[in-house]
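The values are calculated or read from the model by the stated rules, or taken from the named source; none is laboratory data. Computed from a predicted model, the values in this text were never measured in an experiment. Cβ atoms come from the backbone with ideal geometry, glycine included; neighbour counts cover every protein chain shown.
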Amino acid sequence: MLYQPIKKLGGINQYYQEASVGVGMLRDVFDQVPSVELQADAKELTPIVGQLTFEGVAFSYTDEVVLRDFDLVLSKGMKIGVVGESGAGKSTLVSLLLRFYDPVKGRVLIDGVDIREVTFESLRGQMALVSQEVVIFDQTVAENIACGKLDASREEIVAAAKAANAHEFIGGLPKGYDTRLGEQGTRLSGGQRQRIAIARAFVRQAPILMLDEATAALDSKAEAEVQGAIDRLEEGRTVVCVAHRLSTLRGMDKIIVLHEGRVVEEGGFRELLERDGVFAEMARKQGLAAG
Ligand SMILES: Nc1ncnc2c1ncn2[C@@H]1O[C@H](COP(=O)(O)OP(=O)(O)OP(=O)(O)O)[C@@H](O)[C@H]1O
Ligand SMILES: [Mg+2]
């Protein structure tokens, strides 16, 4: 009669070992110290009507300076392209706007309000980010899109998927919008994942859109499919678009070239090509000619 209980005790030990690994991981998460703090008197930020401004911003993660004396004025509805070599500080710029970090010096303002003075929800609720790495959750297609706006209705989700050129391939999945994705479910191609990310951005209906190398990991066929959706997403929004492939920046109102955390060149696409500086050199290497 002793055999079964002893065997069970052995099982408990294994269960305990497994659980303690999970608890350890959870503890690591809880121990994370946020890099930004909510001010006690934080206000609600109203939707942008005028300008987004970087004012003399300096930033570093560690000792190394990543951005220095950085100024930028972005009027509502304007589209700005950001280029520069790897490590120039392009993604850092996006992180500062989302307030994942605070500047060491200077300020980031929306309509004259320092973004440190507002709630995270009202700041980030105005923004949508599409980046190179798309996280697909182990949930249905609909839930994966709705993570852009948790209370989105099925109509909103479908409309967002249509706008993102995703409705058609979703229709071809075993259970359509109710198909489970992720580790345990259907795997998507890079271009399909990216269109899910774009649908998430559509469903948010955020006035400020940030694209960080959104098509960099795609082959040219997938890029063409995704680019059409991005073009539609950009309509009527204020856009910050980070791109290696310069050809994707033709439609931007202005392009800034970052080098070691400073703006070394800025202007329109053609203007920069004709100036024959850093941008023109990068364009030549990518086989883009002036004119
Ligand atoms: N979380 C971090 N902690 C410490 N240093 C960081 C962190 N993120 C970026 N850096 C450093 O800051 C600098 C700028 O990085 P950033 O990611 O902004 O460059 P980037 O222009 O986006 O480059 P890429 O084209 O490769 O994406 C780099 O030197 C990078 O190593
Ligand atoms: Mg980057």
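The table that follows gives values for the structure above.
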| read-out | value |
| --- | --- |
| Single match in ALA222, ALA163, ALA197, ALA206 (criterion: over 28 Å from LEU96 (Cβ atoms) and modelled with pLDDT of 90 or more) | ALA163 |
| Selected residue (only one of ALA229, ALA199 is more than 16 Å from ligand 1 (Cβ to nearest atom), touching a residue at least 60 places away in the same chain (Cβ under 8 Å), of a type in the set (A, V, I, L, M, F, W, C) and within 30 Å of ASP111 (Cα to Cα)) | ALA229 |
| Residue list for segment 30-66, restricted to those being of a type in the set (Gly, Ala, Ser), surrounded by 12 or more Cβ atoms within 10 Å (Cβ to Cβ) and within 14 Å of ligand 1 (Cβ to nearest atom) | ALA58, SER60 |
| Hey, LEU211 away from ligand 1 (no atom under 14 Å from the Cβ), under 19 Å from MET127 (Cβ atoms) and not in a loop (DSSP other than H, G, I, E, B) or not | no |
| Flag if GLU156 is in a helix (DSSP H, G or I) and in contact (Cβ under 8 Å) with a residue 24 or more places away in the chain | yes |
| Residues located in segment 221-259, provided they are in a loop (DSSP other than H, G, I, E, B) and either crowded, with 23+ Cβ neighbours inside 10 Å or not basic (Lys, Arg) (or both) | GLU235, GLY236, ALA243, HIS244, GLY251, MET252, ASP253 |
| Members of segment 85-98 found to be more than 13 Å from ligand 2 (Cβ to nearest atom) and surrounded by fewer than 19 Cβ atoms within 10 Å (Cβ to Cβ), listed by number | LEU98 |
